[in-house]
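Working notes, beginning with the structure itself.
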């Protein structure tokens, strides 16, 4: 929400907890998206490569480090990381995300 609309979700929670009216008015009108990285099969994660430095990538993070055990794809417990993207439109985010994901290689033994 912060990337696409300029709304700080954590700030809203604090405002509500304090009994204040939360600031819900968007300050930007762009788009953001997240794509999750999943391994091709269960095993030991060897590497994740190819995320690159697309101008749309805001953040990428591995949630399982090389050497860690990974589950077969099938649910959110099999994720090994994520990529957050930001662009002017949803179409641009989706296009950038498709390219980033197509370029990612996840190696598992």
Within region 58-90, residues free of Cβ contacts under 8 Å to residues at least 12 places away in the same chain and either surrounded by 11 or more Cβ atoms within 10 Å (Cβ to Cβ) or on the phi < 0 side of the Ramachandran plot (or both) come out as 75, 77
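Here's the yes/no breakdown for (1) more than 20 Å from residue 86 (Cβ to Cβ); (2) modelled with pLDDT of 80 or more; (3) touching a helix residue (DSSP H, G or I) at 6+ places or on another chain (Cβ under 7 Å):
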{"residue": "23", "(1), (2), (3)": "yes, no, yes"}
{"residue": "31", "(1), (2), (3)": "no, yes, yes"}
{"residue": "38", "(1), (2), (3)": "yes, yes, yes"}
{"residue": "49", "(1), (2), (3)": "yes, yes, no"}
{"residue": "55", "(1), (2), (3)": "no, yes, no"}
{"residue": "59", "(1), (2), (3)": "no, yes, no"}
Among 32, 98, 102, which is outside any loop (DSSP other than H, G, I, E, B), exposed (fewer than 11 other Cβ atoms within 10 Å of the Cβ) and under 18 Å from the mean Cα position of the chain (by Cα)? 102
Between a residue in region 28-44 that is without any contact (Cβ under 8 Å) to a residue 60 or more places away in the chain and on the phi < 0 side of the Ramachandran plot and any residue that is surrounded by fewer than 14 Cβ atoms within 10 Å (Cβ to Cβ) and not in a loop (DSSP other than H, G, I, E, B), which pairs come within a Cβ distance under 6 Å, given they are 6 or more apart or on different chains? none
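Here is a yes/no grid of residues against (1) part of a strand (DSSP E or B); (2) within 17 Å of the chain's Cα centre (by Cα):
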site	(1), (2)
58	yes, yes
67	no, no
72	no, no
91	no, yes
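The values are calculated or read from the model by the stated rules, or taken from the named source; none is laboratory data. Source: prediction; values computed, not measured. With ideal geometry, Cβ positions are generated from the backbone for all residues, glycine too; neighbour counts draw on all protein chains shown.
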